[in-house]
Each structure stands twice: as C-alpha cells, then as structure tokens.
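Since the structure comes first, as structure tokens, the remarks are kept for the end.
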Amino acid sequence: MTGPADRAGFIVAIDGPAASGKGSIATFLARRLGLPVLDTGLLYRAVGVAVEQAGGDLDDDSTAGAAARGLDLDDLGSDALRTRAAGEAASRVAVHTAVRNALLEAQRAFARRPGGAILDGRDIGTVVAPEAPCKLYVTATPETRARRRHAQLRAQGESASLEDVLDDIRRRDARDGDRAAAPMVRAPDAALLDTTDLDIDAAFDAALRIVEASRGRWEKS
Ligand code: DC
C-alpha cells in the first residue's frame with residue numbers, strides 16, 4: 001500500500017444498514033489488505049449501553065452526549081454490545097448531535113492513520129471520511145438482513161422471533177435514515193454492493209474487486 005508521503009493513507013469507508021454484511025466485509029478486507037479496522041457501530045452501542053446501565057434516558061440529548069464524552073474507546077470488547085437491545089439503544093442515541101460530535105474526532109483520527117484504515121458505519125463516506133478514496137455502500141433487502149441477524153442472534157443465545165427482528169431492522173432503517181444529524185445515506189461516489197443474492201464469499205470477492213480498482217486509481221493519482 002503506497003502513495004505519496006504527503007497525503008493520508010488509503011482509507012476504505014464502508015456504510016450501509018444493519019446486517020447488510022458490512023461488518024464481515026470490513027473485517028475480511030482488513031485482513032486481506034493488512035489495515036486496521038474500526039466498527040463504528042460499537043461506539044454508538046457502547047454509548048447506548050452506558051446510558052441504560054446508568055438508568056438514563058436514551059432520548060435525552062445531554063444525557064447521551066455526556067455518556068459519549070465519557071466513553072472509554074479502548075473498552076469495546078464486551079458481548080453486551082452485540083445484543084439486540086444494544087443495537088436499538090445505539091440507534092436511539094445516534095440521533096443526537098451531541099453524541100455524534102463527541103465521537104467524531106476519534107473516528108477521524110483512526111481514519112487518518114498514516115498507513116490507512118478501514119471503517120464501517122452509517123456516515124463514514126459522508127461525514128467521518130468524505131475524502132476516502134474508496135467508498136462502499138453495502139445493502140440487502142430487509143427480509144434478507146433480518147434472516148441473517150436472526151441467525152446471528154440465535155447463535156449468541158438470543159431467542160427473538162424472525163418477525164421481531166424484521167421489525168427491528170425496519171425501525172432502525174427508518175430512524176438511521178431519517179434523522180437530521182448525519183443520516184445513513186449512500187455517498188454519491190460510493191460503489192453500491194447489494195449482497196441480497198450473494199453468499200459471504202461472493203460478497204467478499206465483489207468487495208475486494210471494488211477496493212482493488214479504487215486502490216489502483218488512488219496509487220496513480
Ligand atoms: O452497525 P451497528 O448495527 O452496530 O450500528 C448500531 C447503530 O449505531 C445504528 O443503528 C446507527 C448507529 N450508527 C451510526 O449512527 N453511525 C455510525 N457510523 C455507526 C452506527
């Protein structure tokens with residue numbers, strides 16, 4: 001991974017809705033390219049869980065903002081962040097500008113590591129790293145994403161019905177996409193990767209082709 005020394009490293013910005021496959025794709029690409037990866041959803045999940053654990057109101061801007069400012073960014077490994085409830089709490093605190101502002105600089109610092117980086121989330125290509133030379137918007141139908149998330153939750157020991165998980169997905173899509181602050185939206189220069197009809201290996205191959213093409217252009221520019 002080279003490039004002129006006076007500019008940032010190769011940044012891969014991956015956005016898309018819940019359970020689209022973007023997290024698995026980000027992890028795969030990070031291994032293949034030898035780049036560090038940040039799952040930015042974990043930051044919002046950690047804020048949501050912190051507010052709930054303190055008995056606070058997820059919908060209160062200043063409560064959630066204070067939790068975001070107090071977040072320990074090195075402490076994102078807990079299984080409690082992977083639950084269905086944590087995803088819902090994350091989506092609720094993510095509407096607050098105070099929360100988004102508190103988390104922005106850490107995400108930008110990660111993106112601008114000299115050697116390059118991969119980040120996945122909802123606003124990476126639009127707000128966190130709009131300068132990224134490689135952007136992917138990963139999506140799939142709500143039904144497909146609900147089936148995937150349902151299987152994942154069951155493997156973690158959660159027993160929600162498929163219908164409930166589909167409801168969650170639809171509610172989160174609406175909340176994440178309709179909010180005023182940094183809504184989930186495909187950046188105009190993001191490559192669209194629809195994984196509805198792709199198994200995981202085909203999705204990895206398609207993502208890798210997009211990234212290699214971007215990297216080739218970036219190295220020449
Ligand atoms: O990717 P995820 O499901 O772990 O994200 C959880 C929630 O966090 C998601 O519903 C919206 C919010 N989020 C966000 O607003 N911006 C990001 N960059 C990442 C996540």
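Reducing the range 189-221 and the range 93-162 to their Cα centroids gives an inter-centroid distance of 17 Å. Annotation: amide H of T196 within the under-5 Å range of T141, sequence separation 5 or more or interchain, hydrogens built in the peptide plane. In a simple Cβ point-charge model (Lys, Arg +1; Asp, Glu -1; nothing else charged), the range 89-221 has a dipole of about 480 debye relative to its Cα centre.
Viscosity 0.692 mPa s, temperature 37 °C: Stokes-Einstein D of the chain from its Kirkwood Cα radius, in µm² per second? Please list the in-between numbers first.
Working: Rh = 17.7 Å.
Estimated via Stokes-Einstein, D reaches 186 µm²/s.
Between the residues L153, N101, A174, the greatest Cα displacement towards the positive end of the dipole of the range 86-221, with unit charges on the Cβ of Lys, Arg, Asp and Glu, is found for N101. Expressed in Å, the radius of gyration and Dmax of the Cα atoms of the range 74-176 are 15.4, 44. Sequence-ordered 3J(HN,Hα) estimates for the range 65-78 from the Karplus curve with 6.51, -1.76 and 1.60 and θ = phi - 60° stand at x, 5, 4, 5, 5, x, 5, 8, 5, 8, 10, 10, x, 5 Hz, glycine and proline given as x.
Just the accessible area per residue of the chain, please: how many Å² with a 1.4 Å probe? Kindly include the intermediate steps, with their values, before the conclusion.
On the way: 10330 Å² over 221 residues.
It amounts to 47 Å² per residue over the chain.
What does the charge dipole of the range 68-121 about its Cα centre add up to, to the nearest 20 debye, if the Cβ of each Lys and Arg holds +1 and the Cβ of each Asp and Glu holds -1?
Details: 8 positive and 7 negative charges, 49 e Å.
Magnitude of the dipole: close to 240 debye.
Computed in the context of the full set of protein chains, the accessible area of the chain at 1.4 Å probe radius has 50% of its extent on carbon or sulfur. Each residue of the range 16-32 was assigned a 3J(HN,Hα) from its phi angle through the Karplus expression (A = 6.51, B = -1.76, C = 1.60, θ = phi - 60°), giving x, x, 4, 6, 7, x, 5, x, 5, 5, 4, 5, 4, 5, 4, 5, 5 Hz with x at Gly and Pro.
What do you reckon, how do S62, S91 stack up by accessible area (1.4 Å probe), largest on top? Can you show the working numbers first?
Working: S62 75, S91 5 Å².
Of S62, S91, the descending order of accessible area is S62, S91.
Against the chain, whose longest principal axis comes from its Cα atoms, helix 84-93 is set at around 80 degrees.
By its C-alpha gyration tensor, with a ≥ b ≥ c as the square roots of the eigenvalues, how is the range 140-202 shaped: rounded for a/c under 1.5, else prolate for a/b larger than b/c, else oblate? In terms of gyration-tensor shape, oblate.
Please determine, in degrees from 0 to 90 and to the nearest 10, the orientation of helix 162-178 with respect to the longest principal axis defined by the Cα atoms of the chain, where the helix direction is its Cα long axis. Tilt of helix 162-178: around 70 degrees. A helix-only calculation puts the chain at -16000 deg cm²/dmol for mean residue ellipticity at 222 nm, using -39500 (n - 2.57) for each DSSP H run of at least four residues, averaged over all residues.
The values are calculated or read from the model by the stated rules, or taken from the named source; none is laboratory data. Please read these numbers as outputs of a predicted model, since none were measured by experiment. Cβ coordinates were reconstructed from backbone atoms using ideal geometry, including for glycine residues, and neighbour counts include every protein chain displayed. Surface accessibility is based on the protein's heavy atoms, side chains included, excluding ligands, DNA and RNA. Shrake-Rupley method; radii C 1.70, N 1.55, O 1.52, S 1.80 Å.
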